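The values are calculated or read from the model by the stated rules, or taken from the named source; none is laboratory data. Worth saying up front: this structure is predicted, and the values here are computed from it rather than measured. A quick note on method: Cβ atoms are made from the backbone with ideal geometry, for glycine too, and the neighbour counts reach across all protein chains shown. Accessible surface areas use protein heavy atoms only, side chains included; no ligands, DNA or RNA. Shrake-Rupley method; radii C 1.70, N 1.55, O 1.52, S 1.80 Å.
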Amino acid sequence: MNREFTVTGAKVLFEIPVLGGIEITETVVNTWIVMAVIVGLCLFLTSGMQVRCKTRRQVVAEFIVKKVNAMVGENMGEHFLQVGYAPLIATIMGLSALCSLSGMVGMFAPTSDLSTLLAWSLVVFVLITYNKFRAGGPVGYIKGYFQPIPVLLPFNIISEVATPLSMAFRHFGNIASGTVIMGLLRWALANLSFMIFSKLPGVLGQVFGQIPILQVGIPAVFSIYFDIFSSLLQAFIFCMLTMMYIGSAAEE
């Protein structure tokens, strides 16, 4: 799996001088590609829909919609389901999962760039703040920073800022840790392969000692967890945190 990770940004592919030299990185381009895939998949699943389901595509589309609606209704409440938060949650989950899985086809995974996750977390933070304003008004929002006692104001401010940061770093940390573990595994298997097969007599040792034979197949087994399961799990966790934070903000 070709997945590197970066805190400062991905490799710059080209610049747009007309727009003031804006840099277009691998993160941006690959995110566009993933978004195009999601749009194409949605168009494919929803084309030719009928009142009575007659195609497998419509069955899949309706299954996804029902599951997302149920998840939003259970974790956020019927109000958020009615005002249209289900498409937002589905978009975040699909975008996160496919961005992480894109590394398995040789692309630079956008979720391996911390700036991507910080941007998503900022969107969630804006929605949290909006719902707090909506629930208690400007006075209630400001008053919340002094609860339960005024002396806790600095800690409440830190807690508010830490919410999007913790979401971004949690997602990034899990993706990055999987990348590091897989890299160490491949390195260890290559060295173990050399230690074992280089001891073969004569030419066999010289030839097979240079081939990382143990890297064939074994990393693929661990990739099922670190690359596939972990990517899907982190997308689910990010969405669950989004629903919990926004839902609780509306109750304050």
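For the condition farther than 23 Å from THR163 by Cβ, open to solvent by 70 Å² or more (accessible area, probe 1.4 Å) and either in contact (Cβ under 8 Å) with a residue 40 or more places away in the chain or among the hydrophobic types (A, V, I, L, M, F, W, C) (or both), what is the one hit in LEU214, LEU204? Quick ask: steps written out before the conclusion?
Details: LEU214 fails: open to solvent by 70 Å² or more (accessible area, probe 1.4 Å).
Only one candidate passes the filter, namely LEU204.
Only one of THR129, THR91 is open to solvent by 50 Å² or more (accessible area, probe 1.4 Å), of a type in the set (Val, Ile, Thr) and assigned to a helix (DSSP H, G or I). Can you tell me which? Outline the logic, then answer.
Numbers: THR129 fails: open to solvent by 50 Å² or more (accessible area, probe 1.4 Å).
After ruling out the rest, the residue left standing is THR91.
Just to be sure, is LEU189 in a helix (DSSP H, G or I), over 22 Å from LEU232 (Cβ atoms), among the aliphatic types (A, V, I, L, M) and at pLDDT 80 or above? So that I can check it myself, show each step before the final result.
On the way: in a helix (DSSP H, G or I): yes; over 22 Å from LEU232 (Cβ atoms): yes; among the aliphatic types (A, V, I, L, M): yes; at pLDDT 80 or above: yes.
In short, yes.
Hey, could you check the stretch 70-87 for residues that are touching a residue at least 12 places away in the same chain (Cβ under 8 Å) and small (Gly, Ala, Ser) and say which is surrounded by the most Cβ atoms within 10 Å (Cβ to Cβ)?
Only one residue fits best here, namely ALA86.
Looking at the stretch 233-249, which of its residues are open to solvent by less than 40 Å² (accessible area, probe 1.4 Å) and of a type in the set (Val, Ile, Thr)?
Within the stretch 233-249, THR242, ILE246 meet the criteria.
Conditions tested, residue by residue: (1) in a loop (DSSP other than H, G, I, E, B); (2) of a type outside the set (D, E, K, R); (3) more than 23 Å from the chain's Cα centre (by Cα); (4) at pLDDT 85 or above.
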site	(1), (2), (3), (4)
THR8	yes, yes, no, no
GLU23	no, no, no, no
VAL34	no, yes, no, yes
VAL39	no, yes, no, yes
VAL60	no, yes, no, yes
GLY73	no, yes, no, yes
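Does SER102 satisfy being under 20 Å from ALA36 (Cβ atoms), surrounded by 13 or more Cβ atoms within 10 Å (Cβ to Cβ) and in contact with a Phe, Trp or Tyr (Cβ under 7 Å, 6 or more places away or on another chain)? Let's see the steps before the verdict.
Values: under 20 Å from ALA36 (Cβ atoms): yes; surrounded by 13 or more Cβ atoms within 10 Å (Cβ to Cβ): yes; in contact with a Phe, Trp or Tyr (Cβ under 7 Å, 6 or more places away or on another chain): no.
Against the criterion (under 20 Å from ALA36 (Cβ atoms), surrounded by 13 or more Cβ atoms within 10 Å (Cβ to Cβ) and in contact with a Phe, Trp or Tyr (Cβ under 7 Å, 6 or more places away or on another chain)), SER102 does not qualify.
Somewhere in the stretch 193-200, is a residue outside any helix (DSSP H, G or I), of a type outside the set (Gly, Ala, Ser) and either in contact with a Ser or Thr (Cβ under 9 Å, 6 or more places away or on another chain) or more than 22 Å from ILE218 (Cβ to Cβ) (or both)? Full working, then the answer.
Kept after step one, since they are outside any helix (DSSP H, G or I), are these residues of the stretch 193-200: 198-200.
Subset that is of a type outside the set (Gly, Ala, Ser): 199-200.
With either in contact with a Ser or Thr (Cβ under 9 Å, 6 or more places away or on another chain) or more than 22 Å from ILE218 (Cβ to Cβ) (or both) added as a condition, the list becomes none.
Checked against the condition, which is being outside any helix (DSSP H, G or I), of a type outside the set (Gly, Ala, Ser) and either in contact with a Ser or Thr (Cβ under 9 Å, 6 or more places away or on another chain) or more than 22 Å from ILE218 (Cβ to Cβ) (or both), the stretch 193-200 yields no hits at all.
Pull out all pairs, ordered by first then second residue, where Cβ-Cβ is under 9 Å, the residues are six or more apart or on different chains, the first lies in the stretch 99-127 and is at pLDDT 90 or above, and the second is of a type in the set (Asp, Glu) and open to solvent by 10 Å² or more (accessible area, probe 1.4 Å).
Correct list of pairs: PHE125/GLU160.
Residue by residue through the stretch 168-196, note down the ones that are of a type in the set (S, T, N, Q), more than 29 Å from MET240 (Cα to Cα) and surrounded by fewer than 18 Cβ atoms within 10 Å (Cβ to Cβ). Step through it out loud before you land on a result.
As a first pass, look at the stretch 168-196 and keep what is of a type in the set (S, T, N, Q): 174, 177, 179, 191, 193.
Adding the requirement that they be more than 29 Å from MET240 (Cα to Cα) leaves 191, 193.
The one that is of a type in the set (S, T, N, Q), more than 29 Å from MET240 (Cα to Cα) and surrounded by fewer than 18 Cβ atoms within 10 Å (Cβ to Cβ): ASN191.
Would you check which residues across the stretch 217-232 are open to solvent by less than 60 Å² (accessible area, probe 1.4 Å), closer than 23 Å to MET93 by Cα and either more than 40 Å from the chain's Cα centre (by Cα) or of a type outside the set (Gly, Ala, Ser) (or both) and list them?
PHE226, ASP227
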